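Structure record follows, encoded as C-alpha cells.
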Amino acid sequence: MSGRVRETAARLLGRLEELARRAKRDGLALYLAARHPRVSWTVKAFAVLVAAYVLSPIDLIPDFIPVIGFLDELILLPLVVGVLVRTVDPEIMAELRAEAAVLAERPRSRLGALLIVTIWVAVASLVVWAFWPTAPPVNS
C-alpha cells in the first residue's frame, strides 16, 4: 500500500472510531434521557433499549467475527443513536451530554448485559426449536 492510501485509510478509521465514541457518549445521554421528566415516553422507551445495548459489555454481533463484528459499533449503533438523539429537545440533549461526559469514565450496565444475553438465548432457543428433529407419527 502506498503512503497516501494508508494515510487515507487511517483517517477514515479514525473518523469511524470517533463516531463510535460519540455514539457511546450519546447512548449514555439517552440513558439519562429515559429518566428525564421532559422527554416523551416513546423516546424514553427507545432510549432505554439503545442505552442498554450501548452500555452492555456484550455485543449483539460479537467483535471476534471478522468485519461483521464491528458493523454494529461503527455503522448501526451511531446511526440508531443519531436518529434517536435528534428526537430529544436540543437544550435537554446538551445538558444530558454534559452529564454523560462526566459519567462516561465508568459506563457498565448489568441490565444491558442481561438484556443482550436474553436476546441471544431467545434466538438460540428459536433456532434449536426450528431444527429439532421430530419423531414421525407412529402408525398402528
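No lab work stands behind these numbers, since they all come straight from the coordinates. The model shown is predicted, which means the values in this text are computed figures rather than measured ones.
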| note | To the nearest 10 degrees, the tilt of helix 90-103 (Cα long axis) against the first principal axis of the alpha carbons of the chain is 80
| request: Compute the long axis of helix 41-55 from its Cα atoms, compare it with the longest principal axis of the Cα atoms of the chain, and write down the angle in degrees, 0 to 90, nearest 10. | output: 80
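Report, in deg cm²/dmol and to the nearest 500, the calculated mean residue ellipticity at 222 nm for the chain, where each DSSP H run with n ≥ 4 adds -39500 (n - 2.57) and the sum is divided by the residue count. Intermediate values should be presented prior to the final figure.
Details: 6 runs with 95 residues, N = 140.
Taken over the chain, the calculation gives -22500 deg cm²/dmol.
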| request: Identify which of the listed values of Rg and Dmax of the Cα atoms in Å was calculated from the structure shown: [x] 14.2, 39; [y] 19.9, 77; [z] 15.5, 51. | output: [y]
